Amino acid sequence: MEPDYWLGRWHRGETGWHLDAVNRHLSTFWPGLEVPVGTQVLVPLCGKTLDLLWLAGQGYRVLGVELSRLAIDAFFVDNGLTPTVTDDAGLRRYRVDELEILCGDVFALSAAQVAGVGAVYDRAALIALPPALRERYATHLNALLPAGVPRLLITLDYDQAMISGPPFSVSNAEVERLFGETHRITALAAFDALPESPGMRQRGLTELTERVYRIDPA
Ligand SMILES: C[S@@+](CC[C@H](N)C(=O)[O-])C[C@H]1O[C@@H](n2cnc3c(N)ncnc32)[C@H](O)[C@@H]1O
């Protein structure tokens, strides 16, 4: 997916993935990771998710990364927050207290920009990317992030032959392939996501599984 694809979606208001509430899998499964309060949590491809606020409310420092300036502006306006905006090595950094969002391409992130990160929350980031970019995304973050960083990963799994992404299908086997060599993968839960995904049903899907993983460095 080229950046213009996502910028266009935000421009046209085609943001069907956005939830008007905190993701229930985050509030259910995050506590089990036992990430110490005060840790900086990276939220790649964050859109304008309310999950950023939930994490901040739990006492974490939060670092979102998002391509679309419209999304970031909407996040702060919708939540009545006024960020300070500074330049950070070519990316724009928006900040309110301990909540920051870097505006730019996740692939342009440098190790210095994520040097303080101690955990990752990925919902609809990996599955937003087509196969070649997923590989690049996993390799990039693995190389960039400090050692010992746990992740909560939420994916969708369906028959990719029936419809094209995004969201793309990511199977258990692919999660194993992307992270298995360097990480311990724990499948925490799987849910039938079809009832709450009318758009995917309309596109012809008859099975759609949402999966939640905990991924720890081996
Ligand atoms: C499917 S949405 C998910 C947003 C958010 N994680 C959520 O749960 O609402 C994917 C987001 O990733 C952003 N995005 C796509 N490619 C990106 C990239 N290379 N770097 C940074 N953000 C990107 C898009 O603009 C979009 O907001």
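The values are calculated or read from the model by the stated rules, or taken from the named source; none is laboratory data. Here the structure is a predicted model, which is why all the values come from computation and not from measurement. When we count neighbours, we look across all protein chains shown, and the Cβ atoms used for this are built from the backbone with ideal geometry, even at glycine. Just the protein is used for accessible areas: all its heavy atoms, side chains included, with ligands, DNA and RNA removed. Shrake-Rupley method; radii C 1.70, N 1.55, O 1.52, S 1.80 Å.
Taking segment 23-71 as the region of interest, how many residues are away from the ligand (no atom under 11 Å from the Cβ) and among the acidic types (Asp, Glu)?
Initial filter on segment 23-71 (away from the ligand (no atom under 11 Å from the Cβ)): 24, 27-42, 53-63.
Those still in the list that are among the acidic types (Asp, Glu) too: 34.
Matching residues across segment 23-71 total 1.
Determine whether segment 118-140 contains at least one residue that is without any contact (Cβ under 8 Å) to a residue 60 or more places away in the chain, more than 14 Å from the ligand (Cβ to nearest atom) and assigned to a loop (DSSP other than H, G, I, E, B).
Among the residues of segment 118-140, not one is without any contact (Cβ under 8 Å) to a residue 60 or more places away in the chain, more than 14 Å from the ligand (Cβ to nearest atom) and assigned to a loop (DSSP other than H, G, I, E, B), which makes the answer no.
What single numbered condition from (1) among the small types (Gly, Ala, Ser); (2) within 26 Å of residue 202 (Cα to Cα); (3) open to solvent by less than 70 Å² (accessible area, probe 1.4 Å) fails to hold for residue 38?
Single failed check for residue 38: (2).
Would you mind telling me which numbered condition in (1) open to solvent by less than 40 Å² (accessible area, probe 1.4 Å); (2) within 16 Å of the chain's Cα centre (by Cα) residue 142 fails?
Tallying (1) open to solvent by less than 40 Å² (accessible area, probe 1.4 Å); (2) within 16 Å of the chain's Cα centre (by Cα), residue 142 fails exactly one: (1).
Let me confirm something: among 87, 4, 78, which residue is touching a residue at least 24 places away in the same chain (Cβ under 8 Å) and surrounded by fewer than 18 Cβ atoms within 10 Å (Cβ to Cβ)?
On the way: 87 fails: touching a residue at least 24 places away in the same chain (Cβ under 8 Å); 4 fails: touching a residue at least 24 places away in the same chain (Cβ under 8 Å).
Residue meeting the stated conditions: 78.
Checking residue 159 against (1) under 20 Å from residue 55 (Cβ atoms); (2) of a type outside the set (Lys, Arg); (3) free of Cβ contacts under 8 Å to residues at least 60 places away in the same chain; (4) touching a Leu at 6+ places or on another chain (Cβ under 8 Å), which single condition isn't satisfied?
Against the list (1) under 20 Å from residue 55 (Cβ atoms); (2) of a type outside the set (Lys, Arg); (3) free of Cβ contacts under 8 Å to residues at least 60 places away in the same chain; (4) touching a Leu at 6+ places or on another chain (Cβ under 8 Å), residue 159 comes up short only on (1).
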